[in-house]
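Read through the structure below, which is laid out as structure tokens, and then see the notes.
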Amino acid sequence: MAETIFDIQDVGLTVSHQTLLSHISFTVAPGEFVTITGPSGSGKSTLLLLLATLLTPTEGQIIFAGKPQQDYEKTVYRRLVSYCYQQPSLFGNTVADNLAFPFQIRQKKVNHDRMVAALAEVNLPADMLKKHITELSGGEKQRVALIRNLIFTPKVLLLDEITTGLDAVTKDTVHHVMANFNKQGITIITVTHDESELAAADRLINIVGGRMEVTA
């Protein structure tokens, strides 16, 4: 196993002459739970997008599992490093359409039992598969989006403030899922302001004004 799963080396991002991130350097060990925090607009989500290959650094480089990020074919990389948006994005008509998608892109037969088991992980019943996405609450949408990313277990899960706006019960469910998958060895890197998530992190990375201020 690699000693680090991510090695972020002096990474920066400048867009239209505006520096969004500068001189970001840290490593992440396999199975670690790292939380990125800092004021609004400091560059936290931008950093997560760089790790997800949804943005490309203009300075430095990101090494993933011993190889430069750019050496991976993006589809392969994104199966290993799964990104979950703050605002869940569902598609198709039903929950089943969303949970079938991970099977379809891998050209695998859709496994109904696996989808039902995934729903159970986030306290949703099996008949939720038939439910139209327009009928889901915000918390239900977020849970479906999360387990869609976890039907096939990634090496890294990137979470961008996914509990923002959720009620306390749904937050607890999501926290439980995160903790369980972290115990199974999935590396979790999350952006959050949630106090319980900050407390659960193995390590905090504080981004202020596009720069790392403190690591603990």
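Residue check: residue 206 meets all listed conditions (1) surrounded by 19 or more Cβ atoms within 10 Å (Cβ to Cβ); (2) in a strand (DSSP E or B) but one, namely (1). Annotation: residue 59 fulfils all but one of (1) out of contact with any Ser or Thr (no Cβ under 8 Å at 6 or more places or on another chain); (2) closer than 19 Å to residue 14 by Cα; (3) among the charged types (D, E, K, R); the unmet one is (1). For the range 143-181, a residue qualifies if it is in contact (Cβ under 8 Å) with a residue 60 or more places away in the chain and of a type in the set (S, T, N, Q), and the qualifying residues are 149, 164.
All of 74, 44 fail the test of being in contact (Cβ under 8 Å) with a residue 12 or more places away in the chain and either under 23 Å from residue 212 (Cβ atoms) or not charged (D, E, K, R) (or both), apart from 44.
For residue 117, are the conditions met, namely being within 17 Å of residue 186 (Cβ to Cβ), without any contact (Cβ under 8 Å) to a residue 24 or more places away in the chain and out of contact with any Gly (no Cβ under 9 Å at 6 or more places or on another chain)? The answer is yes for residue 117. Scanning the range 1-14 for residues that are assigned to a strand (DSSP E or B) and not aliphatic (A, V, I, L, M), we see that the one that is nearest to residue 79 (Cα to Cα) is 6. Within the range 120-140, restricting attention to residues that are free of Cβ contacts under 8 Å to residues at least 24 places away in the same chain and among the polar types (S, T, N, Q), the residue that is surrounded by the fewest Cβ atoms within 10 Å (Cβ to Cβ) is 134.
Please indicate, with yes or no, whether at least one residue in the range 146-163 is polar (S, T, N, Q) and more than 13 Å from the chain's Cα centre (by Cα). Lay out the reasoning, then the answer.
Going residue by residue through the range 146-163, those that are polar (S, T, N, Q) are 149, 153, 163.
Narrowing the set further to residues that are more than 13 Å from the chain's Cα centre (by Cα) leaves none.
No, the range 146-163 contains no residue that is polar (S, T, N, Q) and more than 13 Å from the chain's Cα centre (by Cα).
Taking helices (runs of 4 or more DSSP H) as the structural unit, those lying wholly within the range 15-110 and holding at least 2 residues that are under 16 Å from the mean Cα position of the chain (by Cα) and surrounded by 14 or more Cβ atoms within 10 Å (Cβ to Cβ) correspond to 44-51, 74-80. Selection over the range 141-154 of residues that are buried (at least 20 other Cβ atoms within 10 Å of the Cβ) and among the charged types (D, E, K, R) gives a count of 2.
Could you please let me know if residue 11 is without any contact (Cβ under 8 Å) to a residue 60 or more places away in the chain and either among the aliphatic types (A, V, I, L, M) or within 29 Å of residue 143 (Cα to Cα) (or both)? Working first, answer last.
Details: without any contact (Cβ under 8 Å) to a residue 60 or more places away in the chain: yes; either among the aliphatic types (A, V, I, L, M) or within 29 Å of residue 143 (Cα to Cα) (or both): yes.
It is true that residue 11 is without any contact (Cβ under 8 Å) to a residue 60 or more places away in the chain and either among the aliphatic types (A, V, I, L, M) or within 29 Å of residue 143 (Cα to Cα) (or both).
For the range 186-201, the condition of being touching a Gly at 6+ places or on another chain (Cβ under 7 Å), more than 17 Å from residue 28 (Cα to Cα) and part of a helix (DSSP H, G or I) holds for none of the residues.
Condition check ((1) aliphatic (A, V, I, L, M); (2) part of a strand (DSSP E or B)) across all residues:
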site: 144; (1), (2): yes, no
site: 148; (1), (2): no, no
site: 158; (1), (2): yes, yes
site: 172; (1), (2): no, no
site: 178; (1), (2): yes, no
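Since every read-out is calculated from the coordinates, none of them should be taken as a lab result. Because the structure is a prediction, the values reported are computed rather than measured. Ideal geometry is used to build each Cβ from the backbone, glycine not excepted, and the neighbour counts take in all protein chains shown.
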